[in-house]
Structures are given as C-alpha cells and as structure tokens.
2 protein chains.
Amino acid sequence: MALLVVGSVAFDSIRTPHGQAEEVLGGTATYSSVTASWFAPVRLVAVVGEDFGEKHFRVFRSRSIDTKGLEQVPGRTFRWRGEYVGSMNEARTLETQLNVFEQFTPKLPPSYLDSEFVFLGNIDPVLQLHVRQQLPKARLAALDSMNYWIQGTPEELKQTLAAVDVLVVNEEEARMLAGHHNLKKAAQSIRKMGPRIVVIKRGEYGVMLFTEHSVFCVPAYPLDEVHDPTGAGDTFAGGFMGHLARTGDLSDANLRRAVIYGSVMGSFAVEEFGLGRLLHLTPEEIESRYREFKSLTHFDV
Amino acid sequence: MALLVVGSVAFDSIRTPHGQAEEVLGGTATYSSVTASWFAPVRLVAVVGEDFGEKHFRVFRSRSIDTKGLEQVPGRTFRWRGEYVGSMNEARTLETQLNVFEQFTPKLPPSYLDSEFVFLGNIDPVLQLHVRQQLPKARLAALDSMNYWIQGTPEELKQTLAAVDVLVVNEEEARMLAGHHNLKKAAQSIRKMGPRIVVIKRGEYGVMLFTEHSVFCVPAYPLDEVHDPTGAGDTFAGGFMGHLARTGDLSDANLRRAVIYGSVMGSFAVEEFGLGRLLHLTPEEIESRYREFKSLTHFDV
C-alpha cells in the first residue's frame, strides 16, 4: 500500500565535527519519503520554490516517489543552517529561512485521496489535521510534532492528536506533552489523548514503543562514528511507516518489526552527510542490518 | 561457586521525591553481596565500626552471606547522606563520613583464598589490586571504579585494570577513562587496558556489554516509579556476578543472561528504599521479571 508523506522540503547547510555540507537537499518530508521508498510506494506533499531545480526533483524520482503533491511556487525554498558540536546530541540552529514554507498549505492531488498510510511530518498541527481529514480511508495516520507546537499551540495539537493513530516524538517532547518525567506514565497519558500507538525516540539510546498490549524497547545501533545526525528522526519514521505500509499488518509483532526497520534506517542515515547513505542502499544491506539488531539484542530465556 | 565481594558497608541517609530514610544499611558491598546471595554463596570483605549492631549483622546472615571477612574495628561505620531531585538521575552527596572506612585494608580469611569469582567494588584501586593478587584461583575478577579514581589515581587504576577480566562502569566513567565519547570506541580502548569484558551502565537507558565477540544492549526495565536509585549499580553488578558464579559459564550467551539478571535485580532495587526490595524477593519473582525482559525486547526476524 502507498504511504502519503507531508512535511518540509528544504536546503540544509550543516556542520559537524566530521565535515560540512552546503545547501543539500533535506527537510522532514525528504528524509521520511526517501527512506520509506525502500519499503513501499510513496506520495509526497510539500512545497518548494523556484530555485528547486531539475536535479532536486530527480532525487525523488530516482526513488520512484510520486511528486504530484510537490508544489512549486514563486519564491525561494525553505533553508536551514545548523551545526552539531561535541557529543552531537542536539542540533544548534544557526539560521532558518522559512521562505515559501511560511505560506505552505498542503494540497492533495485527487490520486492521493485513497491513501491508507499517512505520515504527518512535523508542521503546524492545523495543517496536519487538514491533511488527515481529507483521507477517509487512512488505516494508520502517524504524527510527528515538536516543542514549538507543544508549547505554542497546545489546543490545536490536541485536536490533531485526537485524529491520529500513532505519535512519534522524542523523549523530551513526550515528557513535555504529557507533563510526566517517567516515560511509561507519559506514554499512558499520551495514549489517552488519541494515538493508540506511541513511539518515543531517544537518540543514541534507541526507541520505545507503547501499545495497548505491551512496551517494546530497542537500543540504537552502536556506530563507530556518527557523521551527521540530521534527519535521523524523520528517517526512523520513514522506515517505521514504510514497513507498515509495505505489509499492511498492524499487529504488535509487526509494529515491533517496524520499529527495528526504522532504527536500521536511522543508523544508515547518520553514517554520511545529508541523504548520502539513504540514496545508495541495497535491500540486502537493510536486511543484513536488521539481523544485526537481532544479534545486538538477543538473549536466551 | 562462591563469589567474593569487597567494598564498603555504610549507613545511608537518603532523601528522594518519594520519601526519606535515616541511617539504613547500605554501601557498595552491601548491595552487591545481598543481591548476589540470590544466585550463589557470597563471601563478604568489608569493615564496620562499633556502632554496627547485631541487627545489621543479621541482615547478611539472613541471606547466608559469609561474614568472616566483615571486620569490626573501633570507631564509627562509614556514613553517607545524599538526595535525589527531579529526574533522580544522579545523587547529590550532602555528607560523607568515611570513619573506619578511611583506614580500610581488606583482610581475606584463609577460607576465602580459593574464590573463583570476585567482585572488586568501588574502592581505592591499590586495595582492589591487593585483593586480586591474593586470589590465584580467580576465574573471573570484575572491577567497579569511578571518576574519583579515574582522575585522581590513573596509574594505580591502570595497574589494577591490567589484572582483572571485567570492568563495570557507568557511561560517563567509561568515556572519561577511555577519552572517547563514542562508547563503542571507548569500550575498545578499555579492553586494551586489560579487562576482556566491558559492561557499561547507562542508568534509565540500560546496559551495554562488550566482549571479544559481540556487543549486546539491553534497555532498563520501564518502571512506573523509581523510589530510590541508591545502590542500583552495585545491585546490577551483584546480579551479573552472582549469575556467573552460580553457573560457572563464561560464554557470550551466558554473559548476556548475566546482564539480564543484573538488570532484573537493579529494577527491583529501585522500587523501594534501601535494601527493602532486595531482602524480600522470591526466586519466582526474579525469573518472572527475567521473562518480562524477554517480552520487552523480543522481535521476530
């Protein structure tokens, strides 16, 4: 089944202790759609400016991503400049130019309206809800959000949360949203707000999955070197939702597999700058790292 | 096989957001020996003062711990006062009275000298080495240490590291000792210093095990509430070493099981103040939580 992805497409300028990149293709929808394309057909909804050239469109087409919903409008594409220092746990934003993204109103081509799987990347919750409401056949809608919306537009976010099945957030965001430091309690609170599935991303510490039936924890893949953490969270979401769209199976066992595929893809994402590694993978590499997650976490009963 | 444990025995006064306790039995050797006693015979080496009463000795005897090496000398027992605030990730020490612990020189009763499993709790590395050298039959000697020794007596610590098989430290200590932020690299460096097995404790994020053959990660057990984190690290070490002493099996598969037993015991330790939970367990509760770790981490390949 196809996965609809809505979010930002941007040009990122990134500096890390391992190097730098200028105006490379990035943004939440870019990372999640390119990643999900390894698992399922992907339909992209985003906006870019006049400076978005043929070579950029070609990146999405090289992954067979449907770009009918990638709107091009007058003006410049969203730009973000950031750096990672020290332990690289958090990006320091040096500059944000919203440009055409400031007036973004997601427009869904008619051919997208039967989408059964939806990833609502981190944008204004009002827009996320607007997209969700146009997709009556959605079997699974997942939402990403951030502190900016949790603190800035809590009421709007609550309405959107009530309309989705999955929330994917990082640890601090989960705590902020729920008002509990304890993540088990935080997830319980969030599940009462709407999403029956809560996925908490903990960066180098891995991911937790909370469902009605169980709690699942997986560590992050121990890498020798993290070159660029940009997009790792959206890459996780792309792998998670991509696997679910590919299989159509929403059982707890398959949600766990989806968490592993998300973690596998996140571990690839940070190995190179920008999209580098995510564009040059093989299905065998993905399966091989999936099995490495098994050997990383397995013990006998 | 018996496990020899050396370290501190103390009276702890603890305050956490969930309550407080005054002068309760604590210390590294107390937590690790009481925990290990659920798995194997334990031989304790520590020092206490004249204020260490019959009721305190009775705690060790209630767990059939051999106290021939628990020396009682003139003076007062080691006292520690600390509190945990907010997320309770770190203890704030309010007062330390070393008392008789200041002049502690571990003395091994003749009946201890055939010990095959040894846990050298966090004390001066010179004393740890002194104990290690008296145990020619040791098949597995594990060492705990801390930033105080890593920074204060690095040369002495290096000599001791060269004489042990396992290092058990927390994340920041591993980074400090190795001079690498990346834990995989840090563990590689530490393995070159002597210990062929490196266990890194990450608090609420779980534990990593590094051996010659593999890396193993396990998350912490997600608890609804942590009442008192005191002793959780020593409890982990007690469960880890206790299981290895019980089985005598040093294979990677069994080291992984030992990490789970350590994590199981650590999760019990923090449920109540002080030793509370660790003294009132059943083997069935331990096995049941071991299986819960399996359901927490299992996914299909």
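Within the bounds of segment B:190-197, is there any residue that is surrounded by 18 or more Cβ atoms within 10 Å (Cβ to Cβ), touching a strand residue (DSSP E or B) at 6+ places or on another chain (Cβ under 8 Å) and at positive phi?
no
So if I check each of A:V126, A:V118, which one is over 16 Å from the mean Cα position of the chain (by Cα) and not in a loop (DSSP other than H, G, I, E, B)?
The unique qualifying residue is A:V126.
Looking at segment A:138-160, which of the residues that are touching a Ser or Thr at 6+ places or on another chain (Cβ under 7 Å) and either small (G, A, S) or part of a helix (DSSP H, G or I) (or both) is nearest to A:S115 (Cα to Cα)?
Ranking the qualifying residues of segment A:138-160, first place goes to A:A138.
Could you list all residues from segment A:105-127 that are under 27 Å from A:Y148 (Cβ atoms) and out of contact with any strand residue (DSSP E or B) (no Cβ under 9 Å at 6 or more places or on another chain)?
Correct list: A:D124, A:V126.
Kindly indicate whether B:V42 is within 18 Å of the chain's Cα centre (by Cα), closer than 28 Å to B:L209 by Cα and not acidic (D, E).
Answer is yes for this residue.
Looking only at segment B:273-280, decide whether some residue is in a loop (DSSP other than H, G, I, E, B) and over 18 Å from the mean Cα position of the chain (by Cα).
Yes.
Quick check on my filter: what residues within segment A:5-45 are at positive phi and either modelled with pLDDT under 95 or assigned to a strand (DSSP E or B) (or both)?
Correct list: A:G19, A:E23.
A:A186 passes all but one of (1) in contact (Cβ under 8 Å) with a residue 12 or more places away in the chain; (2) under 28 Å from B:T211 (Cβ atoms); (3) crowded, with 18+ Cβ neighbours inside 10 Å; which number fails?
(2) is the only condition that A:A186 fails.
Among the listed residues B:S267, B:S288, which satisfies the condition of being within 13 Å of another protein chain (Cβ to nearest Cβ), touching a helix residue (DSSP H, G or I) at 6+ places or on another chain (Cβ under 8 Å), within 25 Å of A:T211 (Cα to Cα) and of a type in the set (G, A, S)?
Going through B:S267, B:S288 in turn, just one is within 13 Å of another protein chain (Cβ to nearest Cβ), touching a helix residue (DSSP H, G or I) at 6+ places or on another chain (Cβ under 8 Å), within 25 Å of A:T211 (Cα to Cα) and of a type in the set (G, A, S): B:S267.
Inspect segment B:278-285 for any residue being more than 9 Å from chain A (Cβ to nearest Cβ) and farther than 23 Å from B:T230 by Cα and give the result as yes or no.
Step one: list which residues in segment B:278-285 are more than 9 Å from chain A (Cβ to nearest Cβ), which gives B:278-285.
With farther than 23 Å from B:T230 by Cα added as a condition, the list becomes B:284.
Yes, segment B:278-285 has at least one match.
Being under 23 Å from B:T16 (Cα atoms) and either more than 10 Å from chain A (Cβ to nearest Cβ) or surrounded by fewer than 24 Cβ atoms within 10 Å (Cβ to Cβ) (or both): is that true of B:V226 here?
Yes: the conditions hold for B:V226.
Based on this model, can you work out whether B:G19 counts as among the small types (G, A, S) and surrounded by fewer than 24 Cβ atoms within 10 Å (Cβ to Cβ)?
Details: among the small types (G, A, S): yes; surrounded by fewer than 24 Cβ atoms within 10 Å (Cβ to Cβ): yes.
Criteria met by B:G19.
Quick one: in segment B:204-219, of everything that is part of a loop (DSSP other than H, G, I, E, B) and at the interface with chain A (Cβ under 8 Å from one of its Cβ atoms), which residue is farthest from the chain's Cα centre (by Cα)?
Of everything passing the filter in segment B:204-219, B:S214 is farthest from the chain's Cα centre (by Cα).
Hey, among B:E156, B:E173, B:E212, which residue is surrounded by 17 or more Cβ atoms within 10 Å (Cβ to Cβ) and charged (D, E, K, R)?
Only one candidate passes the filter, namely B:E173.
Look at B:A91 and say whether it is of a type in the set (G, A, S) and out of contact with any Lys or Arg (no Cβ under 7 Å at 6 or more places or on another chain). Can you show your working first?
Values: of a type in the set (G, A, S): yes; out of contact with any Lys or Arg (no Cβ under 7 Å at 6 or more places or on another chain): yes.
Here the answer is yes, as B:A91 does meet what is asked.
Without any contact (Cβ under 8 Å) to a residue 24 or more places away in the chain and basic (K, R) - does that describe any residue in segment B:277-284?
Step one: list which residues in segment B:277-284 are without any contact (Cβ under 8 Å) to a residue 24 or more places away in the chain, which gives B:277, B:280, B:282, B:284.
Add one more test, that the residue is basic (K, R), and what stays is B:277.
Yes: segment B:277-284 contains one or more residues that are without any contact (Cβ under 8 Å) to a residue 24 or more places away in the chain and basic (K, R).
Only one of A:V73, A:V59 is at pLDDT 95 or above, more than 19 Å from A:A232 (Cα to Cα) and surrounded by 14 or more Cβ atoms within 10 Å (Cβ to Cβ); which? Steps first, answer last, please.
Values: A:V59 fails: more than 19 Å from A:A232 (Cα to Cα).
Matching residue, one of A:V73, A:V59: A:V73.
Could you please find all residues in segment A:174-203 being in a helix (DSSP H, G or I), closer than 22 Å to B:H298 by Cβ and at the interface with chain B (Cβ under 10 Å from one of its Cβ atoms)?
Residues satisfying the conditions are A:L183, A:K184, A:A187, A:Q188.
Please work out which residue is nearest to the other protein chains (Cβ to nearest Cβ), limiting yourself to segment B:108-134 and to residues that are loosely packed, with under 13 Cβ neighbours inside 10 Å and more than 20 Å from B:D165 (Cα to Cα).
Of everything passing the filter in segment B:108-134, B:S111 is nearest to the other protein chains (Cβ to nearest Cβ).
Just the residues that are aromatic (F, W, Y) and under 16 Å from B:F11 (Cα atoms), please, taken from segment B:52-103.
Across segment B:52-103, the qualifying residues are B:F52, B:F57, B:F60, B:F78, B:W80, B:F101.
Could you run through segment A:161-173 and say how many residues are under 17 Å from A:A237 (Cα atoms) and not in a helix (DSSP H, G or I)?
Residues flagged as under 17 Å from A:A237 (Cα atoms) and not in a helix (DSSP H, G or I) within segment A:161-173 amount to 7.
Looking at segment B:63-77, which of its residues are farther than 14 Å from B:S37 by Cβ and part of a strand (DSSP E or B)?
Going residue by residue through segment B:63-77, those that are farther than 14 Å from B:S37 by Cβ are B:68-69, B:71-77.
Passing the criteria: B:K68, B:G69, B:E71, B:Q72.
Do you know which residues across segment B:221-271 are aliphatic (A, V, I, L, M), assigned to a helix (DSSP H, G or I) and out of contact with any Leu (no Cβ under 8 Å at 6 or more places or on another chain)?
Of everything in segment B:221-271, those that are aliphatic (A, V, I, L, M), assigned to a helix (DSSP H, G or I) and out of contact with any Leu (no Cβ under 8 Å at 6 or more places or on another chain) turn out to be B:A232, B:A237, B:A253, B:I260, B:V264.
The values are calculated or read from the model by the stated rules, or taken from the named source; none is laboratory data. Predicted model only: the values in this text are computed from it and were never measured. Ideal geometry is used to build each Cβ from the backbone, glycine not excepted, and the neighbour counts take in all protein chains shown.
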